[in-house]
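Colleague: Okay, here's the structure, questions in a sec.
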Amino acid sequence: MTDSWWKKAVVYQIYPRSFADSDGDGMGDLRGIVGHLDYLAELGVDVLWLSPIYPSPQDDNGYDISDYQNIEPLFGDLEVFDELLAGAHARGMKLIMDLVVNHSSDEHQWFLESRSSKDNPKRDWYWWRPARDGMEPGTPGAEPTNWGSVFGGPAWEYDEKTGEYYLHLFSKKQPDLNWENPEVRQAVYAMMRWWLDRGVDGFRMDVINMISKVIGEDGSLRDGRLSAGSAYADGSDSFIGGPRLHEFLQEMHREVFAGREGLLTVGETPGVTVEQARLHTDPERHEVDMVFQFDHVWVDRGPDPWLLMPLQLTNLKAIFGRWQAGLADLGWNSLYWNNHDQPRAVSRYGDDSKQYRVASAKMLGTVLHLHRGTPYIYQGEELGMTNYPFAGIGDFRDIEALGQYRQALDMEGRSPDEVLTVLRARGRDNARTPMQWDGSPHAGFTTGTPWLAVNPNHTEINAAAAQADADSVFHWYRKLIELRHTEPAVVDGDFTMLLPNDERLYAFTRRLGGTELLVIGNFTGEPVRAELDLTGELILNNLPGAPADSTIAPWQAVVYRRKV
């Protein structure tokens, strides 16, 4: 593997609208990020990943892009972006952009032309289809397939002007681009080269394994599986890991990345298998450096999406163990607990009570960062930020939560309490509440009214307090990052899962040459005796005092280094 600097790197994800507001309009912006670059440098991260900052109607908080080669005015302009890029580079950090090319905004010029008439040259840049045979266009059930949108409702929107439907796997304002059309692909590649020429260091590719669809010989798309009680079908068999996906990614590499050094490419790939990930990340195949898999963040979801399932630690270990083994000899893992689409990990897998929040946040970070792969930190994770106490549906802003709430009540007969219980625990707005910089009103995020309410616990949980406290989650994450940078076994060591059937302790070793690291995390609020050899140098311990009599305290994390 050549130019694999990213194996030792730690990536920090910034959700710009919620990170820091410099002008008091309640919305985070690029100038706000510039003002906190020293904070990120102190943390020690190597790469900044920005969620979308392009011009957008903001239907899906910027993941609906209307111009791929400019900056959303709410966030700033290209001049400020160049300042941010230069500031990151000056501090030794790289910067990657969010690439959203499965779909665009319906306000993008490409789509405006595409929907203008059936014979427009860009008509085939998107997925247009007529109504089902024998059905009146625009009537319920006449959609070309029975697929449901990720955000609720059908995945097709009827366009009265041309009398046809267009596909949108997400919001109706996010029409899917037709990657079968080579003109679409070349336009995307030209845009990517434009950003790289500007100095950007790579891309995180949004739902990139959805760009290839399964098409019949007659150009048709097939119906999906309709589950009992569901209003619309799961069509993922037709658009996840499609037949031309590898071809498209390899073409992208040839057209965009070949001959350039120092870049990072990571593909978001819902539903990806270990076998598919091996193909995607095999350096000889020239696709992407790593992928985001979802198995571990779906581990607490059952067949009923509106039923919360408690975490079963053995299932989590089996998932991580499978991925560690599957990519041990080929490819590379990405490691994450949190991102803009997931609830706060300390509330989900840890204990966000006042007694155990700090310890469990440190434990989760330790277990994750000591796996083989590149860790991703989501803003506020290094502070142990928690889920927000949502009172009702009126507190939510996320299009996914609002759409799923309506569908669950109106079409599936769910009760508001049933749906709200799950949204409070799993809703994406948990990750999107403003960054908690200090204990002042609005947490130092803005001098105005924030676009989404600040968590009331910001008076206790904030960056200023964490930086001043040597025993904080922030300083613990600095230690984890420093260990990755200095201990070769963390990056290149073999991985061996221990105690696979234990529902309380998560334990494994990392071995390289004559060095072995033993990592243990207690996922419970009770002391647990570890049937392991706890010898060697105790290099990390998130609680005062070494384990006595091999007993791991509640939410304790320990790392031993020893010669073997």
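The values are calculated or read from the model by the stated rules, or taken from the named source; none is laboratory data. Here the structure is a predicted model, which means the values were calculated and not measured. Here the Cβ is made from the backbone with ideal geometry for all residues, glycine too, and neighbour counts use every protein chain on show.
Colleague: Please find, among Thr386, Thr421, the residue that is assigned by TED's automatic domain parsing to the domain that holds Ala468 and either surrounded by fewer than 20 Cβ atoms within 10 Å (Cβ to Cβ) or closer than 17 Å to Asn61 by Cβ (or both).
Modeller: Only one candidate qualifies: Thr421.
Colleague: Return only the number of the condition from (1) of a type in the set (A, V, I, L, M, F, W, C); (2) modelled with pLDDT under 95; (3) in contact with a Phe, Trp or Tyr (Cβ under 9 Å, 6 or more places away or on another chain) that Met210 does not satisfy.
Modeller: That leaves (2) as the condition not met.
Colleague: Considering only the range 386-443, state which residues are in a helix (DSSP H, G or I), touching a Gly at 6+ places or on another chain (Cβ under 8 Å) and of a type in the set (Asp, Glu).
Modeller: Selection gives Glu400 alone.
Colleague: Any residue that is in contact with a strand residue (DSSP E or B) (Cβ under 9 Å, 6 or more places away or on another chain), free of Cβ contacts under 8 Å to residues at least 60 places away in the same chain and in the same structural domain as Ile208 (by TED's automatic domain parsing) - is there at least one of those in the range 240-255?
Modeller: Yes, some residue in the range 240-255 is in contact with a strand residue (DSSP E or B) (Cβ under 9 Å, 6 or more places away or on another chain), free of Cβ contacts under 8 Å to residues at least 60 places away in the same chain and in the same structural domain as Ile208 (by TED's automatic domain parsing).
Colleague: Can you tell which of Pro343, Pro310 is surrounded by fewer than 24 Cβ atoms within 10 Å (Cβ to Cβ) and more than 17 Å from the chain's Cα centre (by Cα)?
Modeller: Going through Pro343, Pro310 in turn, the sole match is Pro310.
Colleague: Considering every residue within the range 365-375, establish whether at least one is more than 18 Å from the chain's Cα centre (by Cα), over 20 Å from Val491 (Cβ atoms) and either surrounded by 19 or more Cβ atoms within 10 Å (Cβ to Cβ) or of a type in the set (A, V, I, L, M, F, W, C) (or both).
Modeller: No: the range 365-375 contains no residue that is more than 18 Å from the chain's Cα centre (by Cα), over 20 Å from Val491 (Cβ atoms) and either surrounded by 19 or more Cβ atoms within 10 Å (Cβ to Cβ) or of a type in the set (A, V, I, L, M, F, W, C) (or both).
Colleague: Being among the aromatic types (Phe, Trp, Tyr) and either surrounded by fewer than 20 Cβ atoms within 10 Å (Cβ to Cβ) or more than 30 Å from Gly326 (Cα to Cα) (or both), is that true of even one residue in the range 483-501?
Modeller: no
For (1) over 29 Å from His369 (Cα atoms); (2) not assigned by TED's automatic domain parsing to the domain that holds Ala401, each residue gets a yes or a no:
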site	(1), (2)
Leu40	no, no
Tyr54	yes, no
Asp59	yes, no
Tyr63	no, no
Glu72	yes, no
Asp82	yes, no
Ala88	no, no
Ile96	no, no
Gln109	yes, yes
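Colleague: When you go through (1) among the small types (Gly, Ala, Ser); (2) under 30 Å from the mean Cα position of the chain (by Cα); (3) within 27 Å of Gln355 (Cα to Cα) one by one for Ser550, which number turns out not to apply?
Modeller: (2)
Colleague: Out of the residues in the range 393-410 meeting the condition of being touching a helix residue (DSSP H, G or I) at 6+ places or on another chain (Cβ under 7 Å) and not aromatic (Phe, Trp, Tyr), tell me which one is nearest to Gly427 (Cα to Cα).
Modeller: Ala401
Colleague: Separate question: Return a yes/no flag: does the range 265-274 have any residue that is under 23 Å from Leu327 (Cβ atoms) and either without any contact (Cβ under 8 Å) to a residue 40 or more places away in the chain or outside the structural domain of Met93 (by TED's automatic domain parsing) (or both).
Modeller: The answer is yes; a qualifying residue exists.
Colleague: Do you know which residues across the range 527-542 are assigned to a loop (DSSP other than H, G, I, E, B) and touching a residue at least 40 places away in the same chain (Cβ under 8 Å)?
Modeller: Correct list: Asn542 only.
Colleague: Would you confirm whether any residue within the range 167-175 is in contact with a Pro (Cβ under 8 Å, 6 or more places away or on another chain), surrounded by 14 or more Cβ atoms within 10 Å (Cβ to Cβ) and among the aliphatic types (A, V, I, L, M)?
Modeller: Checked the range 167-175: at least one residue is in contact with a Pro (Cβ under 8 Å, 6 or more places away or on another chain), surrounded by 14 or more Cβ atoms within 10 Å (Cβ to Cβ) and among the aliphatic types (A, V, I, L, M).
Colleague: Looking at the range 517-544, which of the residues that are surrounded by fewer than 17 Cβ atoms within 10 Å (Cβ to Cβ) and of a type in the set (Gly, Ala, Ser) is farthest from Arg348 (Cα to Cα)?
Modeller: Gly536
Colleague: Scan the range 87-132 residue by residue and report those that are touching a residue at least 60 places away in the same chain (Cβ under 8 Å), more than 27 Å from Val288 (Cα to Cα) and either of a type in the set (Asp, Glu) or in contact with a His (Cβ under 8 Å, 6 or more places away or on another chain) (or both).
Modeller: Residues satisfying the conditions are Asp106, Glu107.
Colleague: Another question, if that's okay. Which residue, of Gln250, Gln293, Gln276, is within 23 Å of Gln13 (Cβ to Cβ) and either surrounded by 15 or more Cβ atoms within 10 Å (Cβ to Cβ) or out of contact with any Pro (no Cβ under 7 Å at 6 or more places or on another chain) (or both)?
Modeller: Gln293
Colleague: Restricted to the range 236-294, and to residues that are among the hydrophobic types (A, V, I, L, M, F, W, C) and assigned to a strand (DSSP E or B), which residue is farthest from Trp194 (Cα to Cα)?
Modeller: Phe292
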